[in-house]
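The values are calculated or read from the model by the stated rules, or taken from the named source; none is laboratory data. Keep in mind the model is a prediction, meaning the values are calculated, not measured. Here Cβ is always computed from backbone atoms with ideal geometry, including for glycine, and neighbour counts include all displayed protein chains.
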Amino acid sequence: MQTLTRKIKKNVTLIFLGAFLTALHPAWAESDKQLQEKTLKARELSHQKSMDHSAHMSPADETEGFRGVFYGYLPCKEKDCDGLKLTLSLKQKNNYLLVTQYAKASSREFYEKGKYDWDDKTRILSLTSNKNDLNRKFSIKDEGTLIQLNSDGLPMLGDQDDYTLARSDKSKSREVHIH
């Protein structure tokens with residue numbers, strides 16, 4: 001019995017010591033947003049250093065404004081659904097990744113990959129899925145804000161603020177997707 005008591009005391013002591021050391025330095029871990037931004041910057045710097053971009057970069061390169069990660073919490077029409085968390089990542093070479101998660105008990109995420117393009121005149125961003133040729137449209141309000149449109153390219157019914165996605169580096173807070 002004494003051996004068991006000693007082992008328990010030893011384990012409890014180690015747990016408290018670990019908790020104490022962790023409490024002394026609470027900022028060890030970076031947030032996922034900070035890690036994403038560091039990774040994106042490092043990736044872009046490594047590409048820029050190894051390539052000569054002078055041939056295709058101009059001072060007013062419009063493509064830079066549309067790259068990034070956009071977040072939003074949008075309404076949904078399905079029964080027993082309180083909303084949709086959307087994470088839209090616009091990547092290089094006009095590739096995108098859209099992660100959708102229903103705001104209900106299940107935390108399952110749905111992934112959609114494809115190509116995107118935009119029209120400078122109409123300021124509409126179009127996403128075309130690789131799987132099913134699904135075409136989603138967003139109005140480009142500014143370089144940090146997208147507003148979801150219906151499949152015809154018209155505004156959704158209701159308050160347009162409910163259908164807004166904000167770019168991660170332009171918004172102060174966001175819903176977090178853990179992968």
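Data table
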{"read-out": "Enumeration of residues in the range 133-153 that are at pLDDT 80 or above and either closer than 19 Å to residue 38 by Cβ or in a loop (DSSP other than H, G, I, E, B) (or both)", "value": "143, 144, 150, 152, 153"}
{"read-out": "Qualifying positions in the range 67-83 - assigned to a loop (DSSP other than H, G, I, E, B) and in contact (Cβ under 8 Å) with a residue 60 or more places away in the chain", "value": "75"}
{"read-out": "Any chance residue 128 is in a loop (DSSP other than H, G, I, E, B) and over 16 Å from residue 76 (Cα atoms)", "value": "no"}
{"read-out": "Output for the range 110-120, where each listed residue is at pLDDT below 90 and either touching a Leu at 6+ places or on another chain (Cβ under 6 Å) or assigned to a loop (DSSP other than H, G, I, E, B) (or both)", "value": "118, 120"}
{"read-out": "Candidate set from the range 154-172 (those that are part of a loop (DSSP other than H, G, I, E, B) and closer than 17 Å to residue 88 by Cβ); member that is modelled with the lowest pLDDT", "value": "171"}
{"read-out": "Filter result (among the aliphatic types (A, V, I, L, M), more than 22 Å from the chain's Cα centre (by Cα) and within 13 Å of residue 123 (Cβ to Cβ)) within the range 136-162", "value": "none"}
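Here's the yes/no breakdown for (1) surrounded by 16 or more Cβ atoms within 10 Å (Cβ to Cβ); (2) touching a residue at least 40 places away in the same chain (Cβ under 8 Å); (3) basic (Lys, Arg):
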| residue | (1), (2), (3) |
| --- | --- |
| 85 | yes, yes, yes |
| 97 | no, no, no |
| 108 | no, no, yes |
| 111 | no, no, no |
| 129 | no, no, no |
| 133 | no, no, no |
